[in-house]
Amino acid sequence: MESGDTGSVRNWIGSLGYVTRRMIFSILSVGPLPNHIAFIMDGNRRYSKKHNLGEGGGHRAGFIALMSLMKYCYELGLKYVTIFAFSIDNFRRRPAEVQSVMDLMQEKIEGLLKEASVVDHYGVRIRFVGDLKLLHPPVREAAEKVMRATANNNRTVLLICVAYTSSYEIVHAVEEACHEKFDKLRELVDRNEDEEKEDKMIKLVDIEKHAYMAVAPDPDILVRSSGETRLSNFLLWQTTNSLLYSPMALWPEMGFTHIVWAVLNYQRRYAYFEKLKKQI
Ligand code: FPP
Ligand code: MG
């Protein structure tokens, strides 16, 4: 329990922060604003070691940072935020660590449905992206429940990549495209129609259509915390023309200033990126 005085000081600081952010965001909105930012949330275990937080402590701190960053992104008017929450390769980590992240995810995903969360406030539609069969069953059930519960939210979208890698996404999309083509050809044969008229080749658009990330435009900015500049098999297909921004801060240390820097960098390079997109 906090005393009335402490509560009102906290509210006052919160309001001051909000007004300051609004002022900075309105200055930023004079220039072009991104529509979609993707984050590789790296550096959680290093943060845990640095602050002696024990198993899972860094990832817990990382979730708190995620909630703040989502709030800043949606305040800034972004429509899409994508996060790399757990790679398929991360399942090869120590079982105790995998279990600890899965437990955290289950707890936090269930918490996202509570009123007064960021999801409720900004009308966020949540989509989980990846091979959800690989998730521990309670996490998968929580994820499916959240997707159903937020399916009608249409102001903003949060894409949570779990049990995801780009290679898996591409293989999955190719398989889906082949099945679709095969079904179409079989239907023509069954109806005794001329299947020669159907193009038998798989095209780029067929694969792109079946990518998990087809539900969102390509990210304008990809942020990887902790100074790492690798993409680690994340959104390889979608980031050809994205600005890469790699601040030294560990993920739980990421905050408002990093979002502002990412957007300023994007604005500085905007004309150049637009020119690149038009070149063949
Ligand atoms: C990478 O840091 C981060 C992860 C493997 C998991 C991050 C997950 C969360 C912050 C929770 C997300 C929860 C929901 C509900 C979306 P790392 O472990 O590689 O840290 P290191 O680079 O210091 O080793
Ligand atoms: Mg890491």
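The values are calculated or read from the model by the stated rules, or taken from the named source; none is laboratory data. Because the structure is a prediction, the values reported are computed rather than measured. Heads up, the Cβs are rebuilt from the backbone with ideal geometry, glycines too, and the neighbour counts pull from every protein chain shown.
Side notes on the structure shown:
- Evaluation of Glu55 against (1) of a type outside the set (Phe, Trp, Tyr); (2) surrounded by fewer than 17 Cβ atoms within 10 Å (Cβ to Cβ); (3) at pLDDT 95 or above; (4) within 13 Å of ligand 1 (Cβ to nearest atom) (one fails), failing number: (3)
A quick yes/no check of all residues on (1) surrounded by 13 or more Cβ atoms within 10 Å (Cβ to Cβ); (2) small (Gly, Ala, Ser):
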| residue | (1), (2) |
| --- | --- |
| Trp12 | no, no |
| Val30 | no, no |
| Asn35 | yes, no |
| Met41 | yes, no |
| His59 | yes, no |
| Leu78 | yes, no |
| Ser100 | yes, yes |
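- The number of residues in region 33-59 that are away from ligand 2 (no atom under 14 Å from the Cβ), farther than 20 Å from Leu264 by Cβ and in contact with a helix residue (DSSP H, G or I) (Cβ under 6 Å, 6 or more places away or on another chain) comes to 3.
- Flag if Val19 is away from ligand 1 (no atom under 16 Å from the Cβ), modelled with pLDDT of 95 or more and over 21 Å from Ala143 (Cβ atoms): no
- Within region 138-179, the set of residues being of a type in the set (Phe, Trp, Tyr) and in contact with a helix residue (DSSP H, G or I) (Cβ under 8 Å, 6 or more places away or on another chain) comprises Tyr164 only.
- Extreme residue, nearest to Arg125 (Cα to Cα), among residues of region 99-115 that are within 16 Å of ligand 2 (Cβ to nearest atom) and touching a helix residue (DSSP H, G or I) at 6+ places or on another chain (Cβ under 6 Å): Leu104
- Among the residues of region 74-91, those identified as over 15 Å from the mean Cα position of the chain (by Cα), closer than 17 Å to Val162 by Cα and in contact (Cβ under 8 Å) with a residue 24 or more places away in the chain are Ile88, Asp89, Phe91.
- Test: residue in region 189-200 that is charged (D, E, K, R), surrounded by 13 or more Cβ atoms within 10 Å (Cβ to Cβ) and under 18 Å from the mean Cα position of the chain (by Cα): no
- Enumeration of residues in region 241-276 that are in contact (Cβ under 8 Å) with a residue 40 or more places away in the chain, more than 16 Å from ligand 2 (Cβ to nearest atom) and either in a strand (DSSP E or B) or of a type in the set (A, V, I, L, M) (or both): Ile259, Val260, Ala262, Val263, Leu264
- Residue satisfying all of: in region 114-135; over 17 Å from the mean Cα position of the chain (by Cα) and at pLDDT below 95; nearest to Cys73 (Cα to Cα) among these: His121
- Some residue of region 75-86 being out of contact with any Gly (no Cβ under 9 Å at 6 or more places or on another chain), assigned to a helix (DSSP H, G or I) and more than 14 Å from ligand 2 (Cβ to nearest atom): yes
- Filter result for the condition that a residue is part of a helix (DSSP H, G or I) and modelled with pLDDT under 95, over Arg10, Arg45: Arg10
- Members of region 39-94 found to be of a type in the set (Ser, Thr, Tyr) and over 20 Å from Pro219 (Cβ atoms), listed by number: Tyr47, Ser48
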